[in-house]
Each structure stands twice: as C-alpha cells, then as structure tokens.
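Data first, discussion second: the structure below is written as structure tokens.
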Amino acid sequence: MANLVTLDDLPSEEILPNRRPLPNPWTSAKRLDDSQEMNASFQSYGMDGKIRTFTSNEALNRGKLILMSCFPCFPLRLPGREREFLNLILMFCFWISFLQIVMFVASLCVYPPGFASLEENPFIGPSGYSLVILGAKYNEDMQNKNQFWRFLTPIFLHVGLIHLFMNLWMQLQKGVQLEAKWGILKTSSVYFVSGISGILMSCLCNPKGVSVGASGSLLGLIGSDLTQRYLTWHETSEKEKKQTFTLAISVMIIMILSFAPFIDVWAHFGGFMTGGLCGIIMFSSSSNQPIILKYGTLTSGVLLLLWFFVGFATFYTNKV
C-alpha cells in the first residue's frame, strides 16, 4: 500500500509446510539423471501437486510461459505442459494480476495522460490526480460523497512500474504457491478481507494520505501463511522451521521499512494483522493446542467482526 509513491520490498518465496514444494509454473524442472542428452528425463510438479515426467526437449521455457500468460492466443506450444499453463490462467492470482495491469494502463490514459514527471512520481507512473479519479484511497470523497468503493479499488491501482512489478512478482510467486495449497476461495477471501482492512486502518491512522496498492492484501496472505505454520508447528520439519523464521524476519524488515516516506505503514500493518486472524479462523482445527482448537475460530471471528464494526463506525463519525 502506497501513499502514491512506494516500493514494496516483499520477501522472497518460501517453501510450503507439510507437503512437497510446489514450484511456480515457470520453475525449472528437476533432473532425474545425469545425462546431458536430449532424451534426458526431468521431473516436474504441476500446480495440482502431481508429479510429471518429460524429456529435456519438453522442458519448460520461462519466456514462452510468461508470453502465453500475457497473450493466451499467441501461437506458442509448451509440449507436455498445457495442463500447468491451464492451471495458471485459471488461478485467482493470475487474474487479479491481469486486472492490476489493465488498471495501470488505464491510469496512464486518464487526465492528465501519460507518465508524471519524476519529480512528482519517481517510480515511473501516473499522476496522483489520475489515481484519485480511478479510486485511490481518499478520505474526503469516501466520507463526504459516500464513495465506499474506495475501500476496494485501491487494491487494483499502483503508483508506478516499480510498485506494480514488485506486487505482481509477489502474487505470481508466493500467491500462486499459497493458492495451490489453500484453493481459490480461501486465497481470494484472505486477499480481499486483508486489503480492505488495511485500507480501513490507513483511513483511520493516515486520514490525509492518498494511497493505492495491494501490499496490504499480500501481507495478509503472508500473515495467514505464518499463522498456519505456527498452528502446525508440531508437524513441521526442522528445515521448514528455519524457513519460517526467515519469512518472519522478512516481514519484520518490511514493517520497519514501511516507516519510510511515501509508504503507508498502517495499510501494511492492518493487512498483516487481519491475515493473521483469518489464518486462525481457517486453520485452528490443525492445531494441537486445546485452547486454540476450542476457541480459536470463534474468538478470531468475533475480533475480526468487532474490528470492522468499530473501524467503520469510527471512520464515518469522525469526518475529515
């Protein structure tokens, strides 16, 4: 989430707990033998988690897959990988990324058209006025004109190419992994609930700021992921525990960097905390702690509803 200009330094991809790692669709294949011949065998894990074996001349070409993802009608072939490509373009993370690209192009077409000067927007993007027109978080219009859709539309907007690239990279890396593990319903629910929560907290704690970005949503996904890792700690291998610590440290670094100028720390914090509550709601049944098993889902659900009720009530009764 950005105050018009931001660079979200999100953590790198982590291996999912309690199952074989699911690489992204363009992850390089794992060689099964040492042969360098064209008929060498490779092993690939599809988005459904199933193992597939194919020869080296069928190996996945990263550039082709990205090109086909952006232009599905482009006449390229990925022998033996049509299923993986189909799985990718049917995923929520793919389509939300596609919509964000469309909205970024649209923001360059709205008055004033084109890229703003580097003095106004050093991250190579549209003017702030264009983003406000398209639905950036702007308290005055949200309160005085009842433009409630601005709690959602900032998720689809980005201040510049750098901001857009960082969020898309995260969605198509970490997001795809989590969606392959959780499914589209849980992933999309955490994504939007966390994003709206982050915007709400930004409205309350940063009322004068104009913000856009999906960082709150992405940090919500990470918050849910960390919560699930904690709740299933008793089933986690030592290697996965180390990876969890790395992810937690990355989040701490992000939160510290969020206090830098042009970055909306409140949207980041709100999205992350909401994602953590969503994780308890979804995964408390996996815990071996009796109190979490018994009260985790109910307590987290009540806290989440209470936060939204109090947050919206405070926002609309304390106008700018």
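What order do 205, 93, 109 take when sorted by accessible area (1.4 Å probe), most exposed first? Don't jump to the answer; show the numbers that get you there.
Values: 205 65, 93 0, 109 100 Å².
Most to least solvent-accessible, the answer reads 109, 205, 93.
A 26 angstrom limit on the alpha carbon distance is what I want to check against. Which of 239/294; 186/208; 186/319; 181/294 exceed it?
Working: 239/294 29 Å; 186/208 33 Å; 186/319 34 Å; 181/294 24 Å.
Where the Cα-Cα span goes over 26 Å, the pairs concerned are 239/294; 186/208; 186/319.
Roughly what % of Cα-Cα distances in segment 125-241 sit above 23 Å, to the whole percent?
The calculated P(r) of segment 125-241 puts 37 percent of pairs beyond 23 Å.
Which residues among segment 277-292 fall inside the zone where the amide N is under 17 Å from a point 7 Å beyond the Cα of residue 234, along Cα→Cβ?
Taking a point 7 Å out along Cα→Cβ of residue 234, the residues of segment 277-292 whose backbone N falls under 17 Å are 283-292.
Under the 0.36 nm per residue contour assumption, what length would be gained going from the current alpha-carbon distance of residue 286 and residue 205 to full extension? Write out the running numbers ahead of the final one.
Values: separation 81, 0.36 × 81 = 29.16 nm, distance 3.46 nm.
Using 0.36 nm per residue and subtracting the Cα-Cα distance, I get 25.7 nm.
Could you calculate the FRET efficiency of residue 169 with residue 252 from 1/(1 + (r/R0)^6), where r is the beta carbon distance between them and R0 is 25 Å, rounded to 0.05?
On the way: r = 20 Å, r/R0 = 0.81.
The computed FRET efficiency comes out at 0.80.
Provide the per-residue ³J(HN,Hα) series for segment 142-159, in order, calculated from phi with Karplus coefficients 6.51, -1.76, 1.60 and θ = phi - 60°, each as a whole number of Hz, with x at glycine and proline positions.
Once rounded to whole Hz, the list reads 5, 8, 8, 10, 6, 8, 5, 5, 6, 6, 10, 4, x, 4, 8, 10, 9, 7.
Under a 5 Å amide H to amide H cut-off, with H placed in plane at 1.01 Å, what residues pair with residue 263 once short-range neighbours are removed?
Correct list: 3.
Just by accessible area at a 1.4 angstrom probe, what is the order of 92, 309, 115, 192 from largest to smallest?
On the way: 92 30, 309 145, 115 110, 192 60 Å².
Ranking 92, 309, 115, 192 by accessible area, largest first, yields 309, 115, 192, 92.
If I stretch the segment between residue 192 and residue 146 completely, what's the gain in nm (0.36 nm per residue apart, minus their alpha carbon distance), one decimal? Walk me through the numbers on the way to the answer.
Working: separation 46, 0.36 × 46 = 16.56 nm, distance 2.01 nm.
Gain in length upon complete extension: 14.6 nm.
So, with a 1.4 angstrom probe, what is the percent of accessible area on segment 211-268 that is carbon and sulfur? Please list the in-between numbers first.
On the way: 1830 of 2490 Å².
C and S atoms contribute 74 percent here.
The values are calculated or read from the model by the stated rules, or taken from the named source; none is laboratory data. From a predicted model like this one, the values you see are computed outputs, not experimental measurements. Cβ sites come from the backbone with ideal geometry, for glycine too, and all protein chains shown count toward neighbours. Accessible surface is based on the protein model in full, side chains and every heavy atom, while ligands, DNA and RNA are left aside. Shrake-Rupley method; radii C 1.70, N 1.55, O 1.52, S 1.80 Å.
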